[in-house]
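The values are calculated or read from the model by the stated rules, or taken from the named source; none is laboratory data. This structure is a prediction, so every number in the text was calculated from the model and none was measured. Reconstructed Cβ throughout: ideal geometry from the backbone, glycine too, with neighbour counts over all protein chains shown. We work out accessible area using only protein heavy atoms, side chains counted, and drop any ligands, DNA or RNA first. Shrake-Rupley method; radii C 1.70, N 1.55, O 1.52, S 1.80 Å.
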Amino acid sequence: MFKTLVAGVLMMAMSGCVSLQSLSVTQIPKERKKIVKAESSRFIVFAFNFDNDYVNNLSRDLAEQCPGGAVKGIVTKDEAVNYFLWIFHSRRVTATGYCVNG
Amino acid sequence: MRSILAGLGLILSLQGCAFLHHVQLGDIDNTAKGTPFEVKVSETGIDLQEAKNIGKALSRNAKNNKAMDDIAGAIALFQMGPRTGNLVYNPDYARNIGQMILAECPSGRITGITAIRESAKYPVISGEIVRIRGFCDRKG
């Protein structure tokens, strides 16, 4: 019984609670056949995070998935995943858009 | 051992922890080749709560501590509402960012804009930063 309880607590602690930090969306195009997605995240122990450069390449990652076209209707989602009492947490930025032929 | 720990603490506190408040991507036009650019503005922010706590820790006079509480409370009354990061005393520090972008990209043909609002946190003070990254088609 005790082991099950410990395992349950451990699983809950490891799964992490997600909170939304910010969200933005650009104009959604008429043509929405091809979806492109880029994600970037950083695992942070305590609050020791010395830069936010992990978000720098999101735009380039999306562009590479749509050569010669345009990426429109981009939804940018910034989330914080809390693993255990904010001792460990990660920040995850996801950008999803539609590749439109240029 | 103590001096090593103190040194480590000092190095970590001087590094400044980075907090991301907001990130936003703009539409990307991949038909033209653009060169990357970045503009950045920042302003010093002050954590009054932290300043008050340090002041109280340094002062053993109960009267001074009470006065610090009163001052912090009075300032807090005028600082209500949602905000990101610490208080800054120049609310216009990001006002000219549009002109700065145009200076970097005089053609005005900009694509793939990433707008980042972040803070670099040090003891008591912080850097309240706005960063704009994008790609400029200089031929246009």
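When A and B come together, around 2400 square angstrom of accessible surface is lost from both chains combined, probe 1.4 Å.
Label separation (A:LYS37 vs B:ALA51): 4.6 nm, computed from points 7 Å beyond Cα along the C-beta direction. If R0 is 35 Å, what FRET efficiency do you get for A:PHE50 and B:ASP70 from their C-beta distance, rounded to 0.05? Calculated transfer efficiency: 0.45.
Normalised by the residues of region A:41-96, what does the relative contact order come to in percent, with Cα pairs under 8 Å and at least six apart? The partial results should precede the final answer.
Details: 65 pairs, mean separation 25.9, N = 56.
The value is 46 percent.
Considering only protein heavy atoms and a probe of 1.4 Å, how much of the accessible area of chain A is carbon and sulfur, as a whole percent? Don't jump to the answer; show the numbers that get you there.
Details: 3900 of 6330 Å².
Its accessible area is 62 percent carbon and sulfur atoms.
Surface composition of chain B: carbon and sulfur atoms hold 60% of the protein heavy-atom accessible area at a 1.4 Å probe. In region B:25-39, burial by the other protein chains removes 50 Å² or more of accessible area from B:LEU25, B:ASP27, B:ILE28, B:ASN30, compared with the chain on its own (1.4 Å probe, ligands and nucleic acids ignored). Working from the Cα coordinates of chain A, the gyration tensor eigenvalues give, after taking √(5λ), semi-axes of 35, 16, 11 Å in decreasing order. Applied to region B:104-116, the Karplus parametrisation 6.51 cos²θ - 1.76 cosθ + 1.60 on θ = phi - 60° returns per-residue 3J(HN,Hα) values of 6, 9, x, 5, x, 8, 10, 9, x, 6, 10, 9, 10 Hz, with x for Gly and Pro. For chain B, what does the relative contact order come out to in percent, with C-alpha contacts under 8 Å and a separation of six or more? Computed over chain B, the figure is 44 percent. Over 18 Å apart at the Cα level, from the set A:LYS37/A:LYS72; B:LYS33/B:LYS139; A:LYS30/B:LYS139; A:LYS37/B:LYS33; A:LYS77/B:LYS33, are A:LYS30/B:LYS139; A:LYS37/B:LYS33; A:LYS77/B:LYS33. The residues of region B:33-140 expose on average 62 square angstrom of accessible surface per residue, using a 1.4 Å probe on protein heavy atoms. Spherically averaged projected area of the convex hull of Cα atoms, region B:40-140: 7.5 nm².
For A:LYS34, the amide hydrogen comes within under 5 Å of the amide hydrogens of A:CYS99, counting only partners 5 or more places away or on other chains and with H modelled in the peptide plane.
Can you give me the accessible area per residue for chain A, using a 1.4 Å probe, in Å²? It would help to have the intermediate numbers written out before the result.
On the way: 6330 Å² over 102 residues.
Ligands and nucleic acids excluded, the result is 62 Å² per residue.
Considering the convex hull of the alpha carbon atoms of the protein assembly as shown, report its projected area averaged over all viewing directions, in nm², one decimal.
Details: hull surface 80.3 nm².
Approximately 20.1 nm², given one-decimal rounding.
Unpaired Cys in chain B, meaning no second Cys C-beta under 4.7 Å: B:CYS17.
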